[in-house]
Amino acid sequence: MSPHAGTGGRATRVWGAGALASALVATLWTVPSADAQPRPSAAKALTRCGDPAKRPWCRKSLTPDQRVALLLPKMTADEKISLLASDDPLGGPLGGISENAHADTSGGVARLGIPPVYMADGPAGVRQGKATALPAPIAVAAAFDPSAARDYGSTVAWEARHRGNDLIFGPTVDVLRSPRGGRSFEGFGEDPFLSAATGASWIRGAQAQGVMTSVKHLAVYTQETDRLALKMKVDPRTLREIYLPPFEAAVKTGNAATVMCGFGQLNGRWACQDGTVLNRILRKEWGFKGLVSSDHTAAQDTVGAANGGLDLELPYGFKYNGFALKAAIAQKKVAWATVDGHVRAVLRTMFAFGLFDRAAYPNDLTKISRAVSEAAAQRLEESGITLLKNAGALPLKAPRRIALIGGAADANQSGFGSAQVQPFTSVTPRQGIAKRAGAGTSITYTDGRNQGDAAQAARDADVAIVFATDSEGEFFDRSCLTLNCGDPLKGDQDGLISAVADANPNTVVVLETGGPVLTPWADKVKGVVEAWYPGSRGGDALARVLYGDVDPGGRLPFTFPAAEGDAPAAGNPAQYPGVDKSVTFSEGVLVGYRHYDAKGIAPRYPFGHGLSYTTFRYSGLQVTPASVRVTVTNTGARTGVAVPQLYLGMPAPNVTTPQPPRQLKGFQKITLAPGASSTVTFPLTDRSLAYWDTAANGWKVAPGCYRVELGESSRETALTGAFARGGAACPK
């Protein structure tokens with residue numbers, strides 16, 4: 001639940017197959033918050049807009065469109081152009097470092113009461129001086145829980161608001177195509193349904209705090225290698241079924257205030273001047289009424305950006321400035337009506353989200369309750385920690401001697417780039433485990449650089465816990481998937497784990513990674529825990545999970561391959577990382593687990609996988625074309641978390657439109673006491689069953705038999721069924 005949300009009853013959370021329609025509307029629930037900071041209230045100070053008698057566009061009773069219609073004619077040409085670019089040339093990676101430096105600033109027009117807009121990076125917490133470091137966004141995807149995503153967005157926005165910001169750059173909803181992608185920690189995994197559900201709820205949580213969001217990076221952004229100049233060839237079906245659904249949900253269900261376009265070219269069009277995506281799909285088809293901003297330096301040329309749909313250039317007016325725009329207008333390459341349209345989008349967004357009608361948010365750290373925000377960070381980490389293997393080692397049974405091994409045990413891991421946060425305070429795994437273990441437990445620590453010393457420490461312990469991490473971040477992709485890849489300072493982590501496991505058969509590995517890694521030592525250890533980049537209170541959260549104070553709540557939002565060459569887009573340079581800065585998405589819709597399933601490749605740990613400290617039984621499957629229902633029962637002796645997942649095997653409409661063996665179409669996270677049961681219903685809509693018909697340029701439902709799989713992951717099916725559509729019949 002959100003520590004910053006309003007009071008009220010908690011509604012049932014069900015994420016069924018109608019992700020972009022009825023099911024996503026479930027994000028509208030309210031949640032209790034006894035210890036919460038209050039929701040935003042109407043500002044008592046005078047609004048920045050001014051006197052409605054003198055400035056009629058300041059009348060709050062008018063609609064945003066009516067207010068823009070009154071204000072726009074009063075603006076000079078220079079004032080209009082000034083709203084189309086940031087005033088800060090040091091935005092982006094150089095902004096947001098100090099306490100008072102925003103990532104970007106739009107200065108407004110004081111003469112007309114148009115207020116400034118202050119912006120911050122925010123996918124993993126506010127990047128402005130110090131803030132609460134939330135666990136990496138991939139951890140909230142691993143939670144498989146829209147309420148956790150709402151909690152996450154709410155926490156980020158509360159701190160952004162009290163650092164004086166009106167807008168945060170986040171969430172990142174780019175679907176993970178290659179597990180080598182450098183920003184996999186920053187997104188929500190390899191499945192568009194999961195990313196759509198998580199992103200839309202994140203946005204609602206954030207914007208409920210009175211802060212606008214900027215969902216990013218439209219339309220296709222899948223790698224850091226050559227990102228500024230990458231040419232991507234993506235067929236229409238793949239674009240519609242894989243990469244666009246999270247943005248569609250962000251707009252239609254999340255009501256995102258702004259959308260950020262990314263880098264590179266999609267089918268020959270630069271992302272920030274792609275009129276097909278920005279004008280036709282985003283605005284006309286989806287009905288988006290907010291503003292489109294560029295990622296930093298992504299705007300390529302003045303004429304293309306203006307005519308292609310870009311409203312706001314960040315970080316500065318390199319392309320959107322008075323000289324360039326006026327020259328383009330004089331040459332009749334850009335119409336003033338087009339410029340007015342962009343100004344209208346900026347003003348309408350500001351009116352719709354109340355910027356004219358309240359006082360400026362103060363940059364006041366005293367208004368941020370660190371205890372509340374850091375409690376949220378811990379709660380979110382607990383909900384995302386994923387137990388990959390457990391051969392009886394966990395939960396810990398009060399061992400008297402614990403060996404903590406590996407540098408990551410005594411550090412706080414995070415990704416690099418615009419999603420990196422400098423925490424107010426932090427609790428390392430070593431600190432958290434020591435506190436939880438108590439004074440009667442002997443805990444030794446070695447950084448693992450000397451494998452002989454590490455092995456000896458393991459021999460002298462009842463349990464050895466080895467910590468390993470990867471290196472991820474903006475600006476670079478990983479060159480391989482091993483733990484030893486890309487950062488020689490971390491040493492031979494795979495060798496370290498094997499040496500410790502040889503010395504102590506009761507060895508547990510804790511991974512703090514942002515993406516999938518290879519685990520060649522998995523059969524030698526008793527337990528494997530994926531803790532992601534755990535945030536400010538990661539040490540406390542991990543200790544509680546290891547000791548069984550809480551059930552590990554996470555499920556994998558992407559697949560762990562068994563071998564390097566098993567991963568999607570591996571071994572084919574034309575697919576990844578590209579040839580001559582060109583990439584062909586020839587795998588089509590076979591992204592993530594769809595790739596493994598279609599090619600019959602066994603993963604090390606499948607998408608959706610995650611163990612509990614108890615066991616569950618699935619029964620009573622009921623299947624109709626409109627819904628799937630199942631009963632889940634806790635058959636163990638402990639309270640635990642279950643995440644039943646619905647997958648559909650859809651009929652191929654023709655030989656040129658193959659379907660993956662299964663696709664996620666619903667999930668629900670439930671907590672059950674021993675012996676307790678819960679019935680879960682997943683609604684199905686036409687959109688749930690639809691594929692993109694390229695010839696018809698629209699969504700179609702194919703006649704045929706739809707296979708139903710219900711279970712605990714994409715490869716762990718407990719129950720199966722089927723239903724037919726379009727007059728077809730299913731074989732008996």
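Got a sec to turn the phi values of region 151-165 into Karplus ³J(HN,Hα) couplings, 6.51 cos²θ - 1.76 cosθ + 1.60 with θ = phi - 60°, whole Hz, x for Gly and Pro?
4, 4, x, 5, 5, 4, 5, 4, 6, 4, 4, 8, 9, x, 9
Taking only the Cα atoms of region 400-454, how large is their convex hull per residue, in Å³? Numbers along the way, then the final one.
Numbers: hull volume 4.4 nm³, N = 55.
Expressed per residue, the convex hull around the Cα atoms of region 400-454 is 80 Å³.
Highest first, please rank the peptides 430-442, 163-175, 521-533, 233-245 by the mean number of other Cβ atoms sitting within 10 Å of their residues. Write down the numbers at each step before the final one.
On the way: 430-442: 15.2, 163-175: 28.5, 521-533: 22.8, 233-245: 20.2.
Most protected by this proxy first, the peptides run 163-175, 521-533, 233-245, 430-442.
Please figure out what share of the DSSP beta bridges in the chain is antiparallel and state it in percent, rounded to the nearest 5. Intermediate values should be presented prior to the final figure.
On the way: 56 of 101 bridges.
Of those bridges, close to 55 percent are antiparallel.
Hey, can you rank 680-690, 373-383 by average C-beta count inside 10 Å, highest first? Could you put the intermediate results ahead of the total?
Numbers: 680-690: 20.1, 373-383: 25.8.
For the peptides 680-690, 373-383, the packing ranking is 373-383, 680-690.
Once amide H atoms are placed 1.01 Å from N in the peptide plane, what residues at a sequence separation of 5 or more from Val628, or on another chain, have their amide H within under 5 Å of its amide H?
Distant-sequence amide H within range of Val628: Phe682, Leu684.
Using a Cα-Cα cut-off of under 18 Å, which lysines could be cross-linked to Lys130, ignoring same-chain neighbours fewer than 8 residues away?
Within the straight-line cut-off, Lys130 pairs with Lys367.
Return the long-range amide H neighbours of Leu518 (sequence gap of 5 or more, or a different chain), with a cut-off of under 5 Å between placed amide H atoms.
Thr482, Leu483
Give me the number: length gained by fully extending Lys289 to Ala327, i.e. 0.36 nm times residue separation minus the C-alpha to C-alpha distance, one decimal in nm. Could the numbers behind the result be given before it?
On the way: separation 38, 0.36 × 38 = 13.68 nm, distance 2.79 nm.
Stretched fully, the Lys289-Ala327 segment lengthens by 10.9 nm.
Can you give me the relative contact order of region 377-558 as a percent, contacts being Cα pairs under 8 Å and 6 or more apart?
On the way: 399 pairs, mean separation 72.2, N = 182.
Reported relative contact order: 40 percent.
For a quick protection proxy, order the peptides 414-426, 64-76, 254-266 by their average other-Cβ count within 10 Å, most packed first.
On the way: 414-426: 21.4, 64-76: 16.4, 254-266: 24.2.
Result, highest mean Cβ count within 10 Å first: 254-266, 414-426, 64-76.
Can you list the equivalent-ellipsoid semi-axes of region 493-545, largest first and in whole Å, using the square root of 5 times each Cα gyration tensor eigenvalue?
Working: eigenvalues 91, 36, 14 Å².
Whole-Å semi-axes of the equivalent ellipsoid: 21, 13, 8.
Extension gain Asn450-Ala371, at 0.36 nm per residue separation less the Cα-Cα distance, in nm? Don't skip to the end; give the middle numbers.
Working: separation 79, 0.36 × 79 = 28.44 nm, distance 3.80 nm.
Gain on extension, Asn450 to Ala371, equals 24.6 nm.
Residue by residue, what Karplus-based ³J(HN,Hα) values in Hz, rounded to whole numbers, does region 451-468 have, using 6.51, -1.76 and 1.60 with θ = phi - 60° and x for Gly and Pro?
Along region 451-468, the couplings run 5, x, 5, 5, 5, 5, 4, 5, 4, 7, 10, 6, 9, 10, 10, 9, 9, 9 Hz.
Return a whole-number percent for the relative contact order of the chain, with Cα pairs under 8 Å and 6 or more residues apart as the contact set. Don't jump to the answer; show the numbers that get you there.
Working: 1937 pairs, mean separation 112.0, N = 732.
Answer for the chain is 15 percent.
Helix 370-384 sits at what angle to the longest principal axis of the chain, using alpha carbons and giving 0 to 90 degrees rounded to 10?
The angle comes out near 60 degrees.
Run the numbers for Ala722 and Thr441: contour at 0.36 nm per residue of separation, minus the present Cα-Cα distance, in nm. Display every interim value, and only then the final one.
On the way: separation 281, 0.36 × 281 = 101.16 nm, distance 5.38 nm.
Answer, rounded to one decimal: 95.8 nm.
Which pairs, out of Lys289/Lys333; Lys252/Lys599; Lys252/Lys284; Lys397/Lys526; Lys80/Lys289; Lys397/Lys435, put more than 23 Å between their alpha-carbon atoms? Before the final figure, lay out the partial values.
Details: Lys289/Lys333 25 Å; Lys252/Lys599 34 Å; Lys252/Lys284 12 Å; Lys397/Lys526 14 Å; Lys80/Lys289 18 Å; Lys397/Lys435 15 Å.
Lys289/Lys333; Lys252/Lys599, as the Cα separations exceed 23 Å there.
Could you give the nm distance between label points at Lys599 and Glu79, where each point is 7 Å from its Cα heading toward the beta carbon?
My value for the distance between the label points is 5.9 nm.
Evaluate the Debye formula for the chain with equal point scatterers sitting on the alpha carbons, no solvent, and hand back log10 of I(q)/I(0) at q = 0.08, 0.10, 0.11 Å⁻¹, in q order, two decimals.
Per q value, in the given order, log10 I(q)/I(0) is -0.62, -0.97, -1.16.
At 7 Å along the Cα-to-beta-carbon direction for both Asn267 and Arg687, put a label point, then send me their distance in nm to one decimal.
Computed distance between label sites Asn267 and Arg687 equals 2.1 nm.
Can you sort Arg725, Arg715 by how many other beta carbons sit within 10 Å, fewest first? Don't skip to the answer; put the middle values down first.
Numbers: Arg725 17, Arg715 20.
Ranked by crowding around the Cβ, least crowded first: Arg725, Arg715.
Return the FRET efficiency for the residue pair Asp502, Cys480: r is the Cβ-Cβ distance, R0 is 35 Å, and the value is rounded to the nearest 0.05.
Efficiency computed from Cβ-Cβ geometry: 0.90.
For a footprinting-style exposure proxy, rank Trp57, Trp336 by other Cβ within 10 Å, fewest first. If you can, show how the numbers build up before the last one.
Working: Trp57 23, Trp336 12.
Sorted ascending by nearby Cβ count, the order is Trp336, Trp57.
How many nm separate the modelled label positions at Thr276 and Asp462, each set 7 Å beyond the Cα in the direction of the Cβ?
Each label point is offset 7 Å from its Cα along the Cβ direction, giving 6.3 nm.
Per-residue HN-Hα couplings for region 562-567, Karplus 6.51 cos²θ - 1.76 cosθ + 1.60 at θ = phi - 60°, whole Hz, x for Gly and Pro?
7, 9, 3, x, 7, 5
Read the figures in this text as sums done on the coordinates, not as results from a lab. What you see is a predicted model; the values in this text were computed from it and never measured. Here Cβ is always computed from backbone atoms with ideal geometry, including for glycine, and neighbour counts include all displayed protein chains.
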